[in-house]
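K.L.:
Got a structure for you, questions after.
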Amino acid sequence: MKFLDEMKVDSNSTWLDLATSCRKENVDDLVEIENELLDRYDEYDDLIENYLDDLDDSEFTDNKDLLKEYYEKPPAGLKKLILERRNDHELLECPFCGNPRSPDTLDHFIPKDNWPEFSIHPNNLVPQCRGCAPTKGEKYYCDEDEKAIFVHPIYSDILSKFKFRIVVEFSIQTKKPTFSLKIMKPRGLDNPSGDRVVKHLRALKLNQRVMDFCNREFTKWKNKLKNKNFDIRIALNHRIHEREDSEQSKNWKTSLYLGMLDNNDLIDYLNSLSTTENTDTEEFEEFEEFEELEL
Ligand SMILES: [Zn+2]
C-alpha cells in the first residue's frame, strides 16, 4: 500500500474551471453554484484531517444529479483528466488494500451520493481496485467508533508503513495448504494508528479476499508446474525481486510468495509436480492452425 501524496492536486479550481467552461446544456446551473463549491473544496483538507468528526449533511443535495452528471458524463477536457487519474498512475497495487493488480477504478473517498459537492474534486478521487470498490461503496463514517472508517491514501501515510505477513501451512497427507494473514505494525507506531488500519482493512473484507487470492495462486502454480519444468523456488524468488526490497510485503503477492518459500514441505510438493520433460526448449508453433483477424 503506497502513500500517494504526489497525487494531491494543489489548485482547487482546475477541474471545476473545465466543467464550468464547457458547452453542456445545463452548464449555467453549475456556474451558479461555482463559488459555493470552491468554498467547500477549501474545507476538504480539514475534513479529511479531522477524521474523528462526522461530516455535516451536504448542502448540495438539491444539485446532486447535476454534480454527479459532471463526473459520470464529463465534458471532453474534464473527461481526459478523470481518465488520466484513473489509468496513468503507474501503480502496481491498490493503495487501499495491497491487491497486487494495477487499480483501474476511481473511488470517491467522501461518497458522492451523500456529499455530491465532491463529485469532481480531484483530491476526493483515489485509484482503487475492483475488489475494494463495491465493499467500500457509500460507507464513510462509523457511529459506533465515532470516526471515519477508511484511511485516505493521498492524505495519510500510515497504510504505507504496514506490511502483510502470510503464514503458509501444508498438509503432506491431503496435499492442501492453509493460509493465515497477519498485519504487521512497525513497533514505533502508536496503537491508535494500528487500530485505524485494522478497522480500514476489516471494512474492506481483507481476510477473505486474501484467502481467495492465496488459493487461486496455489492452483495457478500447480498448473504451471504440471505443464512446464521449472524450480518453484527460483520462480518465486524471481517474482519477489521484481519489487524493491522496501516494497516487498506491502502487497499480497510478495507476502504470499515469501510465506510459500518458508514452507519446505509445500515447496517440495510443488517441485514434485514438475516431472515433465523440458517443454520450454521444444519448437512449438502455437498459432500454426490459426489465422489472424483485424480488430
Ligand atoms: Zn483494493
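K.L.:
Can you give the local net charge around T135? Use residues other than it whose beta-carbon is closer than 9 angstrom to its beta-carbon, Lys and Arg +1, Asp and Glu -1.
P.N.:
Net of charged neighbours comes to +4.
K.L.:
Residue-wise, which Karplus ³J(HN,Hα) couplings in Hz belong to the stretch 196-206, taking 6.51 cos²θ - 1.76 cosθ + 1.60, θ = phi - 60°, and x for glycine or proline?
P.N.:
Couplings: 5, 5, 4, 4, 4, 6, 5, 5, 8, 6, 4 Hz.
K.L.:
The stretch 112-204: which GluC sites (Glu not before Pro) are DSSP loop and have at most 12 other beta-carbon atoms within 10 angstrom?
P.N.:
E138, E144, E146
K.L.:
Report Y155's accessible area, 1.4 Å probe, all protein chains in place, as a number in Å² to the nearest 10.
P.N.:
40
K.L.:
Turning to a different aspect of this structure: Amide H neighbours of D107 under 5 Å, counting only residues 5+ apart in sequence or on other chains, H built in-plane at 1.01 Å?
P.N.:
V126, Q128
K.L.:
Quick one: go through the stretch 160-176 and flag any residue whose amide nitrogen is under 17 Å from the point 7 Å out along the Cα-to-Cβ line of E244.
P.N.:
Counting backbone N atoms under 17 Å from the label point, the list is 160-163.
K.L.:
Same structure again: Based on C-alpha coordinates, I'd like the Rg and Dmax of the stretch 162-273, in Å.
P.N.:
15.3, 49
K.L.:
On alpha-carbon atoms, Rg over Rh for the chain using Kirkwood Rh?
P.N.:
Reported Rg/Rh (Cα atoms, Kirkwood Rh): 1.07.
K.L.:
In square angstrom, rounded to the nearest 10, how much accessible surface does T254 have for a 1.4 Å probe?
P.N.:
Its heavy atoms expose roughly 10 Å² to the probe.
K.L.:
Follow-up question, since we're still on this one. Mean separation of Cα pairs under 8 Å and 6+ residues apart, divided by the residue count of the chain: what relative contact order is that in percent?
P.N.:
Taking the mean separation of contacting Cα pairs over the length of the chain, I get 19 percent.
K.L.:
Check the straight Cα-Cα distances from K220 and name the aspartates and glutamates below 17 Å, setting aside those fewer than 8 residues away within the same chain.
P.N.:
Those aspartates and glutamates meeting the cut-off are D212, D231, D268.
K.L.:
Sticking with this one: Dipole of the chain, Cα-centred, from +1 at each Lys and Arg C-beta and -1 at each Asp and Glu C-beta, to the nearest 20 debye?
P.N.:
Approximately 1880 debye in magnitude.
K.L.:
A follow-up question, please. Would you mind calculating the relative contact order of the stretch 149-200 from Cα pairs under 8 angstrom and at least 6 residues apart, reporting the percent as a whole number?
P.N.:
Answer for the stretch 149-200 is 42 percent.
K.L.:
Using DSSP to call loops (not H, G, I, E or B), can you name the trypsin sites (Lys or Arg not before Pro) in the stretch 1-60 whose Cβ has at most 11 other Cβ atoms within 10 angstrom?
P.N.:
Passing sites in the stretch 1-60 are K8, R23.
K.L.:
Given q = 0.14, 0.16, 0.19 Å⁻¹, what are the Debye log10 I(q)/I(0) values for the stretch 5-157, with equal point scatterers placed on the Cα positions and solvent ignored?
P.N.:
Scattering profile of the stretch 5-157, log10 relative to I(0): -0.69, -0.90, -1.27.
K.L.:
Within the stretch 25-80, which GluC sites (Glu not before Pro) sit in a loop by DSSP and count at most 14 neighbouring Cβ atoms inside 10 Å?
P.N.:
Answer in residue order: E25, E59.
K.L.:
Ok, one more. Among the listed pairs K2/K79; K2/K228; K8/K199, which are separated by more than 31 Å between their Cα atoms?
P.N.:
Distance filter (> 31 Å) returns K2/K228.
K.L.:
Here is a follow-up. Give the residue from F3, L261, L38 lying farthest towards the positive end of the charge dipole for the chain; charges sit on Cβ (+1 for Lys and Arg, -1 for Asp and Glu) and the dipole is referred to the Cα centre.
P.N.:
Result: L261.
K.L.:
Give, rounded to the nearest 20 debye, the magnitude of the charge dipole that the stretch 170-242 has about its Cα centre when Lys and Arg contribute +1 at Cβ and Asp and Glu contribute -1 at Cβ.
P.N.:
In total the dipole reaches around 280 debye.
The values are calculated or read from the model by the stated rules, or taken from the named source; none is laboratory data. Being a predicted model, the structure only gives us computed values, none of them experimental. Heads up, the Cβs are rebuilt from the backbone with ideal geometry, glycines too, and the neighbour counts pull from every protein chain shown. Quick note on the areas: whole protein, heavy atoms, side chains included, nothing else; ligands and nucleic acids left out. Shrake-Rupley method; radii C 1.70, N 1.55, O 1.52, S 1.80 Å.
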